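Here is the structure we will look at.
Derivation of every value follows stated rules applied to the coordinates shown; laboratory data play no part. On a predicted model such as this, the values are computed, not experimentally measured, just so you know. Cβ coordinates were reconstructed from backbone atoms using ideal geometry, including for glycine residues, and neighbour counts include every protein chain displayed.
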Amino acid sequence: MAARKKSIDFEKKLNQLESLVNDMEKGTLSLEDSLEAFEEGIKITRECQKALKDAELKVEMLTKGSDKPKIFEQESFEPESD
């Protein structure tokens, strides 16, 4: 059995990113804390972009060469578990 990648909670990550942005916009963070928040924001953004790209590829694979999704065919994908 192949190892599965751990999926991210997309909505949770977006909420974290929004919180970081709000904290930075307040202007109350020190320079060091602002840089740490910025780094974390970049990390979260990349994770979300990858999750979106992965989802796009799954949809593309499922619908390629067919007018209907392949989820009803023998080889359907299973959602990744945490």
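With a Förster radius of 25 Å applied to the beta-carbon distance between M61 and K13, the computed FRET efficiency rounds to 0.60.
The stretch between T28 and E47, if pulled fully straight at 0.36 nm per residue, gains 4.2 nm over its current Cα-Cα span.
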